[in-house]
1. Go through the stretch 148-175 and give me each residue that's surrounded by fewer than 24 Cβ atoms within 10 Å (Cβ to Cβ) and away from the ligand (no atom under 16 Å from the Cβ).
2. Residues that are assigned to a loop (DSSP other than H, G, I, E, B) and of a type in the set (Val, Ile, Thr): does the stretch 429-449 have at least one?
3. Hey, any hits in the stretch 297-316 for a residue that's in contact with a helix residue (DSSP H, G or I) (Cβ under 6 Å, 6 or more places away or on another chain) and under 28 Å from residue 93 (Cα atoms)?
4. Is it true that residue 386 is touching a strand residue (DSSP E or B) at 6+ places or on another chain (Cβ under 7 Å), of a type outside the set (Asp, Glu) and outside any helix (DSSP H, G or I)?
5. Output the qualifying pairs, or none if there are none: Cβ atoms under 6 angstrom, residues six or more apart or on different chains, first residue in the stretch 240-269 and under 30 Å from residue 409 (Cα atoms), second residue among the basic types (Lys, Arg) and not in a strand (DSSP E or B).
6. Just to be sure I understand, how many residues within the stretch 230-245 are closer than 20 Å to residue 177 by Cβ and of a type outside the set (Phe, Trp, Tyr)?
7. Go through (1) within 16 Å of the ligand (Cβ to nearest atom); (2) among the charged types (D, E, K, R); (3) touching a helix residue (DSSP H, G or I) at 6+ places or on another chain (Cβ under 6 Å) and name the single condition residue 108 misses.
8. Would you check which residues across the stretch 382-415 are within 16 Å of the ligand (Cβ to nearest atom) and either over 18 Å from residue 350 (Cβ atoms) or without any contact (Cβ under 8 Å) to a residue 12 or more places away in the chain (or both) and list them?
Amino acid sequence: MTDTLTPVKPARLIINGEAVDAASGQTFTTVNPATEEPICEVAEAGVEDVDRAVQAARAAFDGGAWPKMKPSERQRILWKLGDLILANADELGRLETMDNGKPIFEARQIDVHMVAGCFHYFSGWATKLTGETIPVNPGVLTYTLREPLGVVGAIIPWNFPMNMVGWKCAPALAAGNTVVLKPAMETPLTAVRIGELALEAGLPPGVLNIVSGPGAVAGEALVRDPRVDKISFTGSTEVGKHLMRTAADTVKKLTLELGGKSPNIVFADADLDAAVRGASNGIFYGKGEICAAGSRLLVEKSVHDEFVAKLAERAKKIAPADPLDPKTRLGALASKGQMEKVLGYVQTGVREGARLVAGGERQPVNGRGYFVQATVLDGVDNQMKVAQEEIFGPVLAVIAFDGVEDAVAKANDVLYGLAAGVWTRDVKKAHSVARRLQAGTVWVNAYNFYDAAIPFGGYKASGFGRDLGPDCLRDYTQVKSVWVNLE
Ligand code: NDP
């Protein structure tokens, strides 16, 4: 294994502008899934810590330290945070890779730029969130004000721990809200480090608080707290449903970005070599631990055999390897539990009648780690479990189809609606199929493209509300209508 020797300092909570221990003094150990070795101790937030963090966020909002600051000043601080993230790219990339198991190529070359890009992009919005004047009657002046919500609770998962800090915090803060962020227990390190950088950038105390702790304790306390105005969540559909029920008690606003089972559709008229690369990146990038992973590959019957042969050949070459090696493209799954879940699904698929044409096994690197081979299951029926349930690993289910109608019907015949891919050289077909797919994002002759400026979120059971792009700012603001009687 490459360079895991430099010690990582223990991570603390960030509450009211200070790095602090948990009130209970409790800590937990975060583990490197590629080596199965401890990385460092992390302060474990309990109910009392969440209470302190919410109080700090509330005071920073109600006292006006952040929402009443000149928007251009907020813009300057958020831009600076983006710069500091880039200046610390090597450290952040390495922390993310050690904590999550993803290749350093992804963490350092892609995720760091995405999270910095979020702070840069949304910093610009701080000065551009405007209301409208609306002509109603000459006797009144009617206008709207776009105002922040207050305290936002952000609950994020372990698959893109660093990106999610940018996706949630950058727009919430740009709009003038304050934030209490709860990272996932598996991967708290980059969120805490970005919290420290935010203070260095000049974020006033209490504006961004980080409370790493168990979802059932710290997350639950955040969702129940009446002083929190909104919860922005990314994670499992099951927890998302639970949050909806809990949030109802305090009429909290919610953004839910939940699971997916996204179809990646290859028509016979596609550039098949490009589509093989796209199908492979669609599922093996991020170890398939991506909500939008192209986990159902729909291939037109006439090219099915040729396509699957090429894809299987490619998959066999993507061997799991040391995530800290810059050449590695398939890292370790984020936890032992996730690895076991993924391998369990492979067995289920085979039991249901699918044919394993690549991978399917755990493949330790240097004798350790939660690595799973790049796996392709062919001959999948769209009703099988491996076609309907989110596996969240490097496992692709290949389903054959016959013509456009069959492709669209199979693509939409699933609970989820997060993303989809379409591969074809026919422009008309590309656009008409894109319209008919029930998905929040459709990529044409591409897959897994993201940008801070492009809205991302789900149709159907994949959730509601949007991350990123101008649309998400609606979810972090509210509109006040003002009537002024001029007569
Ligand atoms: P969860 O939904 O449990 O975790 C996501 C976040 O929610 C974590 O921070 C977690 O905390 C927190 N959480 C859990 N329970 C509560 C609660 N009662 N109240 C408030 N917050 C809570 O996902 P899992 O880690 O269990 O992953 C299970 C499956 O979910 C995956 O296999 C995958 O299919 C899907 N998933 C989808 C993601 C997506 O991007 N849409 C991301 C992650 C998972 P804690 O620190 O305790 O885990």
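1. 148, 149, 150
2. The first filter runs over the stretch 429-449 and keeps only residues assigned to a loop (DSSP other than H, G, I, E, B), leaving 437-440, 445-449.
Subset that is of a type in the set (Val, Ile, Thr): none.
Checked the stretch 429-449: no residue is assigned to a loop (DSSP other than H, G, I, E, B) and of a type in the set (Val, Ile, Thr).
3. Scanning the stretch 297-316, I find at least one residue that is in contact with a helix residue (DSSP H, G or I) (Cβ under 6 Å, 6 or more places away or on another chain) and under 28 Å from residue 93 (Cα atoms), so the answer is yes.
4. On the way: touching a strand residue (DSSP E or B) at 6+ places or on another chain (Cβ under 7 Å): yes; of a type outside the set (Asp, Glu): yes; outside any helix (DSSP H, G or I): no.
Against the criterion (touching a strand residue (DSSP E or B) at 6+ places or on another chain (Cβ under 7 Å), of a type outside the set (Asp, Glu) and outside any helix (DSSP H, G or I)), residue 386 does not qualify.
5. 269/425
6. The initial filter retains those residues of the stretch 230-245 that are closer than 20 Å to residue 177 by Cβ, namely 230-234, 243.
Filter once more, keeping what is of a type outside the set (Phe, Trp, Tyr): 230-232, 234, 243.
Counting residues in the stretch 230-245 that are closer than 20 Å to residue 177 by Cβ and of a type outside the set (Phe, Trp, Tyr) gives 5.
7. Failing condition for residue 108: (1).
8. Initially, the stretch 382-415 is screened for residues within 16 Å of the ligand (Cβ to nearest atom), giving 385-397, 414-415.
Passing the criteria: 390, 392, 414, 415.
The values are calculated or read from the model by the stated rules, or taken from the named source; none is laboratory data. Computed from a prediction, not measured in an experiment: that's the story for all the values here. Every residue, glycine as well, gets a Cβ built from its backbone with ideal geometry; the counts of neighbours run over all protein chains shown.
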